[in-house]
Each structure stands twice: as structure tokens, then as C-alpha cells.
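Enquirer: One structure, pasted below without further comment.
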Amino acid sequence: MAFRHGVYKQEVPTSLISPVRTEAGLPVIVGTAPLHLASDEEALQNVNKPQLIYNYNEAVSLFGFSRDWEKYTLCEFIYSQFALFAMSPCVLINVLDPSKHKETVSPKEFTIADGEVNLGQDVILSSGVTFETTAAYTAGIDYSLGYDDEGNAIFSVISGGKLANASKVKVGFTRLKPEMITSGDIIGGVNATTGDKTGFELVNSVFPKFRIVPGLLGSPKWSEKPEVAAVMRSKAENINGMFTCMSVVDIPSDAEGADRYTEAPEWKNQNNYVGAHEIACWPKVKLGDDVFHLSTQLIGLMNSTDSGNEDTPYETPSNKNLQMNACIVASGKEVNLGMEEANYLNGQGIVTALNWVGGWRAWGDRTAVYPANTDVKDMFIPCRRMFDWVGNEFILTLWQKIDSPITPRLIRTVLNSYNVRLNGLAARGYLLGGRIEFLTPENPTTDLLDGILRFHVSMAVPTPAEQIVGIFEYDPGYFSVLFEDAA
């Protein structure tokens, strides 16, 4: 060390660590999108690629948009999340592959009306069109291609071209086939040869790619499939081997599922929709002519509720307004649940919609694990979400201390930093209280020698006021007022 003479300075690490915030309810949605209608030049390659989306225009540019939500399930979520609830961001994953899920339509005869031919829906115009073997028509000279506002492919005759005076034309094209998608595509997996991930397996790619931990998993239409819901639940319980979140699923409301409210609990139990990290919804909701899966709107409602609490998921979405004017089953028949029927579903761990005081509202505080599990941290939606959120934040905050020497200073830094954080959450009402401790029984010498530290975090999340009871009693003592003026 060089000889020094004078006044010098040095720095030591701050004894308090600033917490690393996580998006409390970042939705990660897997489904199908009409990529052929997207304006982005590379949209057709947007297959099994998680995209972080912040607004409606960005979503439509990358994924396209169609009102046929039975075929294109991501569009249901895009419309609900951005148009109805105005919430962002979200991560969208499309599994519909235009290079694979397609069919080739041989040239067939169409009638030209007002210079146009409507080729119908799902046509991939970027793949071009074909004609009968004897025809030789040139794009841009004899005809042009485009889509109308409903997503129909329009073949337009150009004045002065070879088709200018024709009344009919034989045209062939390539059509997207969303009907080819199966539960296996949504579930996804890992290619043993390339290592490429697909479907819900891409949930593990969200944090490494965007540095945001998933908060809510969804899949409109497909979460009604037990095999898909099981994978969603499994992913929610173990993301990247350390994080946790919630899956929001639907109980089918058709004849094979539960088209009556009394059938929903039995279907739920028989198909294992019973996870602590799972929110089960029934039935569907409707706004005008648009039909939504309840899970779709519930995700938007949870995001909206979180945003009013500094992105903290301590408040239930129950008894807050949905964007709907009717509750329906799959057949389109309206369902008008009374308080007793809605409470029956709640008592079986099912969230529903209720038209009571204040209009149509989400109704239900319990996760799908209820009533089999009555642990408060697991059975209440806001409690389960807070444990996930605080736990994820704990991991991210203390990651910077991994591989630091185990010293009293390290332990004090962790204790002081996280007690400040927990006290801050309690001061704002997001926790009733919390503390972190380094306990001797939980840290045996053998573990310390192996480089393992355990910190015990205790906290109390406010439970939702599910019942408010007024006790009324007739008090005869107040008859005394009759004698006050007579005295």
C-alpha cells in the first residue's frame, strides 16, 4: 500500500436497502390473435413471443384485432383491459402460427359486385392470391387487396386492368385456421432439440425478458379446460423456481359444464379447480353485444383496484363495478343471481357477478381453495395476493446481497431494511403490522456453515369485511323521556 499523508475519504454501503418494487398484478395472457390483421411488418412472426404491451394501439399493431373472440381470444382481453378498464401494462402471448395453422383454398369462382369481391374472414392477404391456371393477373395493375373494418379480405378490381369488365373471377388464397389450436398449444412446452418454449411455458421468460414478475395469469376460453387450468395453477405456484402469483380461470357455463349455478361447485371440485393460487369465476358477463369471460374482466378490475392503492394488492376486487349489463351462460341465457345464490357460490370458492346495490359488481373474496383450506393467507384473495407480492419483493430486494459474507452487518442490514419496509406498508394501511426476525432455532450452525440464512417474516394483511352485522335491541329505558316534560 502506498504511503499516504493528508486527509482522505472512504464510503461504506448504506445500512438500509431500498426495496425493489414489482408490478402487483401484471397480467400474462396466453391465447390466439389475428396476426394477419396486424399492421406491424413482422406481426406474422409474433408467435410464442411474449410482448409487453402498454396501450390499445400497440396491441392492435402487434396482434391485430377481431370481434370474433371465440377464434381470437387475445382480442377479448385487449378490448377489456385497454378499452373498458384502461389498465396497463400486460404481457400477451399468441400461439396461433400462420405458417402452420392454415389451409390453402383452391381458386373458386366469385361474383364481382361494384368492382369488389369479398373473400371472407381469416384470409392471409400477405400470402397473396392465386388464380385459375389460364389467368394471368398482376397485383397493383389488375387488382388490389385489403381488409374492411370487419376483417373481411377484399379483392378490388382496378379500372383499366384485365378484370375491368369481368363479372366473375376465380381466386384462391390461404386462410388462417384458429380451429386447429388445441389445449396442447396453449399449455405449450419446451422443444427438446431447440430449447424453444411455447404457450404457458413462456411465463418463465417474462421476468428475464422484461424484469417484471407476473402477477396474474389468464387465458380467455382456454382456462375452462381442466388441463389448461392445471398448468396455469402450477405456473402460478412456481415461476422461475422462486416467484408466485395468481391464476384467474373460468368454470364453463355450457351444458357440459355448469349452465346452472347449483352445478358450478360440483364441476369445480370434480375438475380440481381448487388451488390457493387460483381464482375460479362463473358465469360469463355481457356488455351490449360483447360477451366476456368473467376472468377477463376480473383481471382488469383487480388491476384497477391495485392502481388506486399505489399498486398494492391488499384490497379485494369484490363489490366493485364490472363493465357489464348482463350475466349470461354460454347459450346466451341471462342469469340473475340473488344474494343467496351468489353467496352460495362464494361459499364454494367461486367469484361471480351480482346486480345489487350500486349496479353490477364482482362478488366474492375467496380463492378456489376454499372451503377445503381455511388458512387466512390462502383462502382470501387479497391476503394470498399480498403474500405473493411481498414475497416476490423480498426476493428481488435481497438478491443484491446473495454471496455477501455472512456477518453481523449483513444480518443487521437485512433486518433494518425490511423492518422499515414492513413498517411503511403498515403506516399506509396495507398491512396491520409486520416484522422480520433472525431466529436462532431456524438458523442452526450446520446451515450457516453451508451458507444458508433464514429470515422469519411475520405480517398481518387486512381481511375483507365480508360481513357487517348490526345488533338491534329494544331498550325500554327510553320510556323515561315521556316523563321529562311532566316533571
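Values in this text are rule-based calculations from the coordinates and carry no lab data. The structure displayed is predicted, hence computed values, not measured ones. Here the Cβ is made from the backbone with ideal geometry for all residues, glycine too, and neighbour counts use every protein chain on show.
Enquirer: Please compute the volume of the convex hull spanned by the alpha-carbon atoms of the stretch 341-427 and report it per residue in Å³.
Expert: 134
Enquirer: Hey, another quick one. Could you give the length gained on full extension between SER331 and SER106, defined as 0.36 nm per residue of separation minus the Cα-Cα distance, in nm?
Expert: Separation in residues times 0.36 nm, less the Cα-Cα distance, equals 77.5 nm.
Enquirer: Compute the relative contact order of the stretch 326-418 as a whole-number percentage, counting only Cα pairs closer than 8 Å that sit 6 or more residues apart in sequence.
Expert: Worked out over the stretch 326-418, it gives 14 percent.
Enquirer: Also, quick follow-up: Can you spot the lysines whose alpha carbon is less than 28 Å from LYS168's alpha carbon? Ignore those fewer than 8 places along the same chain.
Expert: Answer for LYS168, where 28 Å is the Cα cut-off: LYS102, LYS108, LYS177, listed by chain and number.
Enquirer: Further question: Using the alpha carbon gyration tensor of the stretch 384-463, what are the three equivalent-ellipsoid semi-axes (square root of 5 times each eigenvalue), largest first, in whole Å?
Expert: Over the Cα atoms of the stretch 384-463, the ellipsoid semi-axes are 25, 13, 12 Å.
Enquirer: ALA192 versus MET339, label points 7 Å from Cα toward the beta carbon: distance in nm?
Expert: 5.9
Enquirer: Over the Cα atoms of the stretch 157-277, how large are the radius of gyration and the largest Cα-Cα distance (Dmax), in Å?
Expert: Considering the stretch 157-277 through its Cα atoms, Rg and Dmax are 21.8, 67 Å.
Enquirer: List, in order, the whole-Hz ³J(HN,Hα) value for each residue of the stretch 358-368 obtained from phi through the Karplus relation with A = 6.51, B = -1.76, C = 1.60 and θ = phi - 60°; use x for Gly and Pro.
Expert: x, x, 6, 9, 5, 9, x, 10, 9, 6, 5
Enquirer: Which aspartates and glutamates, on any chain, are close to LYS333 with Cα under 18 Å apart, when same-chain ones fewer than 8 places away are left out?
Expert: GLU70, ASP250, ASP254, GLU256, ASP259, GLU263, ASP289, ASP290, GLU341
Enquirer: Moving to a separate point now. Between the stretch 411-471 and the stretch 188-236, what's the alpha-carbon centroid distance in Å?
Expert: When both Cα centres are located, 30 Å separates them.
Enquirer: OK, next. When N counts the residues of the chain, how does its alpha-carbon radius of gyration compare numerically with 2.2 N^0.38 Å, as a ratio?
Expert: Normalised Cα radius of gyration, the chain: 1.25.
Enquirer: Checking the a/c ratio against 1.5 first, then a/b against b/c, what shape does the Cα gyration tensor give for the stretch 216-266?
Expert: Taking the square roots of the gyration eigenvalues as a ≥ b ≥ c, the stretch 216-266 is prolate.
Enquirer: Now for a different question. Considering only C-alpha atoms, what is the centroid distance from the stretch 123-182 to the stretch 277-350, in Å?
Expert: If you average the Cα positions of each part, the centres end up 43 Å apart.
Enquirer: Could you tell me which trypsin sites (Lys or Arg not before Pro) in the stretch 400-487 are loop residues by DSSP with no more than 15 other beta carbons within 10 angstrom of their beta carbon?
Expert: Filter output for the stretch 400-487: ARG428, ARG454.
Enquirer: Taking a ≥ b ≥ c as the square roots of the eigenvalues of the Cα gyration tensor of the stretch 382-426, is the shape rounded (a/c under 1.5), prolate (a/b larger than b/c) or oblate?
Expert: Since a/c reaches 1.5 but b/c is at least a/b, the shape of the stretch 382-426 is classed as oblate.
Enquirer: Can you compute the modelled spin-label distance between ASN240 and ALA372, with each label point 7 Å from Cα toward Cβ, in nm?
Expert: Spacing of the two 7 Å Cα→Cβ label points: 3.0 nm.
Enquirer: Quick check on the chain: helices-only [θ] at 222 nm, where DSSP H runs of length 4 and up contribute -39,500 (n - 2.57) each and the sum goes over total residues. Nearest 500, please.
Expert: -7000 deg cm²/dmol
Enquirer: Can you sort LEU398, LEU202 so the residue with the fewest Cβ neighbours within 10 Å comes first?
Expert: LEU398, LEU202
Enquirer: With only alpha-carbon atoms counted, please give the Rg and Dmax of the stretch 102-176, in Å.
Expert: 11.4, 34
Enquirer: On a 20 Å Cα-Cα criterion, which of the cross-link pairs LYS49/LYS225; LYS221/LYS286; LYS49/LYS268 come out too long?
Expert: Going by Cα-Cα distance, LYS49/LYS225; LYS49/LYS268 fall outside the 20 Å limit.
Enquirer: Say the dipole of the chain comes from +1 at the beta carbon of Lys and Arg and -1 at that of Asp and Glu; which of ALA236, SER223, GLN81 then lies farthest toward its positive end?
Expert: ALA236
Enquirer: Can you figure out the FRET efficiency of LEU410 with GLN270, using R₀ = 60 Å and their beta-carbon distance, to the nearest 0.05?
Expert: 0.75
Enquirer: Expressed as a rounded percentage, what relative contact order does the stretch 102-176 have, with Cα pairs under 8 Å and six or more residues apart?
Expert: Contact order relative to length: 52 percent.
Enquirer: Here is a further query. Could you work out the relative contact order of the stretch 286-442, using alpha carbon pairs under 8 angstrom and six or more residues apart, expressed as a whole percent?
Expert: 16 percent.
Enquirer: From the square roots a ≥ b ≥ c of the eigenvalues of the alpha-carbon gyration tensor of the stretch 353-487, which class results: rounded (a/c under 1.5), prolate (a/b over b/c), or oblate?
Expert: Prolate shape, in that a/c is at least 1.5 and a/b is the bigger ratio.
Enquirer: Sort LEU298, LEU410, LEU163 so that the residue with the fewest other Cβ atoms within 10 Å of its own Cβ comes first and the one with the most comes last.
Expert: Ranked by crowding around the Cβ, least crowded first: LEU410, LEU163, LEU298.
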